[in-house]
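Heads up, the thing below is written out as structure tokens.
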Amino acid sequence: MSPTHKIAVLPGDGIGPEIIEQAIKVLKAVEQKFNLNFELTYAPMGGAGIDAAGVPLPPETLKLAQESDAVLMGSVGDFKYDTLDPKIRPEQGLLQIRKALGLYANLRPVKGYKCLEHVSTLKPEVVNGIDVMVIRELTGGIYFGQPRAREGSGTQEKAYDTLVYTQPEIERIARIGFESALSRRKKLMSVDKANVLASSQLWRDVVNTVAKDYPDVELSHMYVDNAAMQLILNPKQFDVILTENMFGDILSDEASMLTGSLGMLPSASLGERKANGQRNALYEPSHGSAPQFAGQNKVNPIATILSLAMMLEYSFGYSQAASQIDTAIEQVLEAGYRTFDIMGPGATEVGTAELGDRIAAALLALPAAVAV
Ligand code: IPM
Ligand code: MG
């Protein structure tokens, strides 16, 4: 009997619940196929947290997340909370849980499926075979720096944020970047704005120092404006992109389009290794809650299903289950079943639930795997 893994499931808002439902279908198929056990506990966060407990990250939800082996999250945010005090907006729940669990390393793999090459707005020859890992620092920088405030009124009104990084914050994320590059094509592109920002000058110096421990990794640096352009011009030059919080937020949305849709981009957010060797970890699609599509059974669940695959691999070491999920997704896409965002000539448009059903069924139908 394999151990029971405790998963906190936080569907959140907007399309969150419907995409999470598809990931759970696939998780059930994984349990059955690989004889594994997961104990799922659902809890509200984001707007759902505000509705249930008045705050975007209710203390019980945080406690559950802290006591779980991994967190699987949908998405947060809805128009109906736009008028709330910014301090209790749904997005704050996400920032708080990242900070509270110390999830400083955000991994966003941008991997193209062959049959979607023609779906991207970029030319197929530019994006075919794309395989880039964006590593975003997630608990520092301008998202969390103090002081930040909005004060005064009229022409005297002003607002400011602080972009601050410390040496240890940069060093630990740089190490994640180099380790990731070592396990891939051994190329690391650190992205900063060192021609202007002091925080980027420190970033570059620390990355260069850490590089001495990784002689097998080919390190380069690029300014963020150039990186944004190069991602469109020649994305295949990149293997691992390492960058700070806000640059990573922007560049990862941009990079997702190389796959054809933001609906294809998963993410893993990882903390420091604990005494028991485990890391706190949260898995979520990189996209938002798309409230305009909520409840319509329309959106693409693949980013969330791929986030589940990342959970199986990074938190539990079930690499085979993870790669079979990937194969199942590929088979369903090859068979022509698509949500609206990745439709193409000759494909069949299906809803969120049907795509989830088909991926779970394809997984169960794959040849029996060696026990994990
Ligand atoms: C992301 C999102 C979040 C972020 C928002 C929802 C706070 O855009 O995960 O990329 O900016 O980090
Ligand atoms: Mg974002």
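The values are calculated or read from the model by the stated rules, or taken from the named source; none is laboratory data. Quantities reported herein were computed from a predicted structural model and do not represent experimental measurements. For neighbour counting, all protein chains shown are included, and Cβ atoms are generated from backbone atoms with ideal geometry for every residue, glycine included. Accessible surface areas use protein heavy atoms only, side chains included; no ligands, DNA or RNA. Shrake-Rupley method; radii C 1.70, N 1.55, O 1.52, S 1.80 Å.
I'd like the FRET efficiency for Leu40 and Asp205, computed as 1/(1 + (r/R0)^6) with the beta carbon distance as r and R0 of 41 Å, rounded to 0.05.
Computed FRET efficiency for Leu40 and Asp205 comes out at 0.40.
For the chain, just say rounded, prolate or oblate: build the C-alpha gyration tensor, square-root its eigenvalues into a ≥ b ≥ c, call rounded for a/c under 1.5, and beyond that prolate if a/b exceeds b/c, oblate if not.
It comes out rounded by the Cα gyration axes.
Please give the length that would be gained between Ala275 and Leu84 if that part of the chain were fully extended, namely 0.36 nm times their separation in residues minus their C-alpha to C-alpha distance (nm, one decimal).
Answer, rounded to one decimal: 64.8 nm.
Using every alpha carbon pair in the range 133-201, what percent of pairs falls into each 5 Å bin from 0 up to the bin containing the largest distance?
Each 5 Å bin holds this share of Cα pairs: 3, 14, 19, 19, 15, 11, 7, 5, 3, 2, 1.
Report the gain in length on full extension from Arg150 to Lys6: 0.36 nm times residue separation, minus Cα-Cα distance, nm rounded to one decimal.
Details: separation 144, 0.36 × 144 = 51.84 nm, distance 4.10 nm.
That works out to 47.7 nm of additional length.
With an 8 Å cut-off on Cα pairs and a minimum separation of 6 or more residues, tell me the relative contact order of the chain in percent.
Reported relative contact order: 22 percent.
I need the calculated FRET efficiency for the pair Lys114 and Asp213, taking r as the beta carbon distance and R₀ as 41 Å, to the nearest 0.05.
0.65
Over the range 199-256, with the other protein chains present, what is the accessible area per residue in square angstrom, probe 1.4 angstrom? Working shown, then result.
Details: 2480 Å² over 58 residues.
So the range 199-256 comes to 43 Å² accessible per residue, rounded to a whole number.
Answer with one residue from Gln156, Pro215, Gly145: the one whose Cα lies farthest towards the positive end of the charge dipole of the range 131-257, charges on Cβ with Lys, Arg +1 and Asp, Glu -1.
Pro215
Among the lysines, which have Cα under 24 Å from the Cα of Lys28 when same-chain residues fewer than 8 positions away are ignored?
Within the straight-line cut-off, Lys28 pairs with Lys6, Lys298.
Once every DSSP H run of n ≥ 4 in the chain is given -39500 (n - 2.57) and the sum is divided by its residues, what mean residue ellipticity at 222 nm do you get, rounded to the nearest 500 deg cm²/dmol?
Computed ellipticity for the chain at 222 nm equals -12000 deg cm²/dmol.
Quick one: compute the contact order of the range 131-257, relative version, from alpha carbon pairs under 8 angstrom and 6+ residues apart, as a percent.
37
Would you pull out the residues with amide H under 5 Å of Lys298's amide H, same chain only if 5 or more places away, H placed 1.01 Å from N?
Thr352
The chain: longest stretch without exposed trypsin sites (Lys or Arg not before Pro) (DSSP loop, at most 10 other Cβ within 10 Å), sites themselves excluded?
Details: sites that count: Lys212, Lys274.
The longest uninterrupted stretch comes out as 1-211.
Taking the Cα centre of each part, how many Å lie between the range 182-209 and the range 316-345?
33
Keeping every protein chain in place, order Leu233, Leu94 by accessible area at 1.4 Å, biggest value first, i.e. largest first. Walk me through the intermediate numbers first.
Working: Leu233 110, Leu94 25 Å².
From most accessible down to least: Leu233, Leu94.
Report, to the nearest whole %, how much of the accessible area of the range 131-257 belongs to carbon and sulfur atoms, 1.4 Å probe, protein only.
C and S fraction of accessible area: 54 percent.
Roughly speaking, what is the stretch gain from Asn226 to Asp51, that is 0.36 nm per residue apart minus the C-alpha to C-alpha distance, in nm to one decimal?
58.7 nm
Rounded to the nearest 20 debye, what is the charge dipole size of the chain about its Cα centre when +1 sits on each Lys and Arg Cβ and -1 on each Asp and Glu Cβ?
Here the chain has a charge dipole of around 500 debye.
How much area per residue is accessible in the range 18-138 when the probe is 1.4 Å and only protein heavy atoms are counted (Å²)? Kindly include the intermediate steps, with their values, before the conclusion.
On the way: 5020 Å² over 121 residues.
Computed with neighbouring chains in place, this is 42 Å² per residue.
If you take the Cα atoms of the range 131-257, find Rg, then find the Kirkwood Rh from the mean of 1/r over all pairs, what is Rg/Rh?
Values: Rg = 15.7 Å, Rh = 15.2 Å.
A ratio of 1.03.
Determine the percent antiparallel among the DSSP beta bridges restricted to the range 131-257, to the nearest 5.
20
Out of all DSSP beta bridges with both ends in the chain, state the antiparallel percent to the nearest 5. Can you show the working numbers first?
Working: 20 of 49 bridges.
Counting DSSP beta bridges with both partners in the chain, the antiparallel share is about 40 percent.
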